[in-house]
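Shown next, in structure tokens, is the structure this report addresses.
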Amino acid sequence: MNKPLNYDANNIFAKIIKGEIPNHTVYEDDKTLAFMDIMPMAEGHVLVIPKCEAVELSDMPADYLKAIFETAQKIMGAQRKVFERDGIVQMQLNSEQAGQTVFHYHVHLIPTSIHTLREHATLNQQADHGKLAELAQRLAESI
Ligand code: AMP
């Protein structure tokens with residue numbers, strides 16, 4: 001798979017993968033990283049990203065898609081245990097027109113209902129980092 005023409009290697013998730021920006025990691029393997037969303041649309045909102053250069057779904061190599069959804073299943077299982085609920089919203093935005101704000105492919109896993117989702121990527125709704133760290137640890141321990 002060729003590098004997407006519009007991939008910015010300095011986007012915020014590329015920096016997270018390179019360790020240049022901190023994150024609250026829930027799970028990591030050779031192809032994927034899962035970490036807490038710092039502007040959660042519900043408590044326990046996790047993002048799963050591939051360790052390859054892809055802006056959106058159409059850029060994703062099949063082996064990374066497989067790895068992303070294997071990791072997503074692990075995260076969803078952990079969220080179900082920690083939050084004692086079945087309902088998990090799975091979301092993924094393609095292009096700015098759809099509301100995408102970070103241009104590195106990512107799947108959102110949000111333990112809530114479509115009817116109670118909070119606003120998306122709202123800068124003044126950053127969660128407490130102590131709480132995010134605690135949730136990341138609880139989720140990691142439940143995988
Ligand atoms: P999207 O609009 O689908 O591209 O979603 C990007 C998501 O990344 C939003 O839910 C943001 O809250 C989240 N986000 C932005 N910066 C960070 C960061 N440094 N660490 C964790 N999540 C972030």
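Please treat every number below as a calculation from the coordinates, not as lab data. Note that the coordinates shown come from a computational prediction; the quantities given were computed from them, not determined experimentally. Positions of Cβ are backbone-derived with ideal geometry, glycine not excepted, and every protein chain shown enters the neighbour counts.
What to note about this one:
- Annotation for segment 2-107: GluC sites (Glu not before Pro) lying in DSSP loop with at most 12 further Cβ atoms inside 10 Å of their Cβ are Glu20, Glu84.
- Helix 129-141 and the long axis of the chain differ in direction by around 90°, with both axes built from C-alpha atoms.
- Surrounding net charge for Met76, when Lys and Arg each add one and Asp and Glu each subtract one, Cβ distance under 13 Å: +2
- A straight line joining the Cα centroids of segment 23-54 and segment 65-101 runs 9 Å.
- Degrees, to the nearest 10: 62-83 long Cα axis against longest axis of the chain: 10
- Sequence-distant contacts, meaning Cα pairs under 8 Å at least 6 residues apart, place the relative contact order of segment 12-142 at 33 percent.
- Gain in span if fully extended, Gln125 to Ser142, counting 0.36 nm per residue against the direct Cα distance: 3.5 nm
- Within segment 70-143, trypsin sites (Lys or Arg not before Pro) in DSSP loop having at most 16 other beta-carbon neighbours inside 10 Å: Arg85, Arg118
- Quarter the surface of the alpha carbon convex hull of the chain and you get the mean projected area, 8.3 square nanometres.
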